[in-house]
1. So which of D209, D198, D135, D100 ends up being surrounded by 13 or more Cβ atoms within 10 Å (Cβ to Cβ), modelled with pLDDT under 95 and over 30 Å from D47 (Cβ atoms)?
2. Just wondering, is there one or more residues in region 45-56 that are under 22 Å from the mean Cα position of the chain (by Cα) and basic (K, R)?
3. On the basis of being among the charged types (D, E, K, R), surrounded by fewer than 20 Cβ atoms within 10 Å (Cβ to Cβ), in contact with a helix residue (DSSP H, G or I) (Cβ under 7 Å, 6 or more places away or on another chain) and touching a residue at least 12 places away in the same chain (Cβ under 8 Å), does D11 make the cut?
4. Need the failing condition index for Q5 against (1) surrounded by fewer than 14 Cβ atoms within 10 Å (Cβ to Cβ); (2) touching a Ser or Thr at 6+ places or on another chain (Cβ under 7 Å), just the number.
5. Could you list all residues from region 97-141 that are in contact with a His (Cβ under 8 Å, 6 or more places away or on another chain) and within 15 Å of S60 (Cα to Cα)?
6. Among the candidates E69, E79, E49, which residue alone is acidic (D, E), loosely packed, with under 15 Cβ neighbours inside 10 Å and within 30 Å of F184 (Cβ to Cβ)?
7. Every residue in region 17-42 that is touching a residue at least 24 places away in the same chain (Cβ under 8 Å) and of a type outside the set (G, A, S), please.
8. Among the residues of region 67-79, are any assigned by TED's automatic domain parsing to the domain that holds L151, aliphatic (A, V, I, L, M) and within 11 Å of the chain's Cα centre (by Cα)?
Amino acid sequence: MTPPQRERIIDQAMQMFVTQGIKSVRMDDIAQQLGVSKRTLYELFGDKEGLLYLAMERYSERNRQRWTELTADAHNVLEAMFMVLGEVMDNAELTRRMMDNLKKFYPVVHDKLMREGMGKNRRSLRCMLEQGIADGLFTDTFNIDLAISVLYYTASAIVTRRELLLPAGLTEREAFLQIISNFFRGISTAKGLQLIDDNLKRYELAKTDNKLNLDK
């Protein structure tokens, strides 16, 4: 099996796991969809868990690529962070469903992906916070490791664990936006505070436009 064919199997398995559900997709289904033998799949990946891990790792990589593309035209790191965090919230339901299924049916894969994902996400957050400091948007007086933990676990509490009890009428996305905005205010310079307000105004305008479109 050549590398391109192996990559094609991982990509196809990823699509099937995401769209059809992790538990319901069997190795037989993947083999049939791709026109390869089940024996070939086991020779390449060992078992379903081996292929599942690579497929979900690919899914995470694709998400990070999309974040990079999404923020390519951002004017500053604060705008980029709002874009990425908004994208995370927009995909929260799908992410939550997949991680719940992984934890229930494939806990070893779940724990490995969580460990690796946490490391990559924390490194990304560090880069963005350090860039914000360098650009004069954030002060340099806060503990950056503590800030990373607060951002990461706040996102996790809403996106995957749903541990926050929200007031009636407040969506998860709106709650997340308020929490994150207030967090950024606490570490921002005057320049950063102005950019936070600008981003919030854009969010409110976008929300109003979406509502008008739905009402038509």
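The values are calculated or read from the model by the stated rules, or taken from the named source; none is laboratory data. The shown structure was predicted, so the numbers you read here are calculated from the model rather than taken from an experiment. FYI the Cβ positions are ideal-geometry reconstructions off the backbone, even for glycines, and counts take in every protein chain you see.
1. Working: D209 fails: surrounded by 13 or more Cβ atoms within 10 Å (Cβ to Cβ); D135 fails: modelled with pLDDT under 95; D100 fails: over 30 Å from D47 (Cβ atoms).
When all the criteria are applied, what remains is D198.
2. No, region 45-56 contains no residue that is under 22 Å from the mean Cα position of the chain (by Cα) and basic (K, R).
3. Numbers: among the charged types (D, E, K, R): yes; surrounded by fewer than 20 Cβ atoms within 10 Å (Cβ to Cβ): yes; in contact with a helix residue (DSSP H, G or I) (Cβ under 7 Å, 6 or more places away or on another chain): yes; touching a residue at least 12 places away in the same chain (Cβ under 8 Å): yes.
Taking the combined requirement at face value, the residue satisfies it.
4. Every listed condition holds for Q5 apart from (2).
5. Within region 97-141, the subset in contact with a His (Cβ under 8 Å, 6 or more places away or on another chain) is 99, 102-103.
Answer for region 97-141, where residues must be in contact with a His (Cβ under 8 Å, 6 or more places away or on another chain) and within 15 Å of S60 (Cα to Cα): M99, L102.
6. Details: E79 fails: loosely packed, with under 15 Cβ neighbours inside 10 Å; E49 fails: within 30 Å of F184 (Cβ to Cβ).
Testing whether each residue is acidic (D, E), loosely packed, with under 15 Cβ neighbours inside 10 Å and within 30 Å of F184 (Cβ to Cβ) leaves just E69.
7. Taking region 17-42 as the starting set, the residues that turn out to be touching a residue at least 24 places away in the same chain (Cβ under 8 Å) are 17-18, 21-23, 27, 34, 36, 40-41.
Correct list: F17, V18, I22, K23, M27, L34, V36, T40, L41.
8. No, the conditions are met nowhere in region 67-79.
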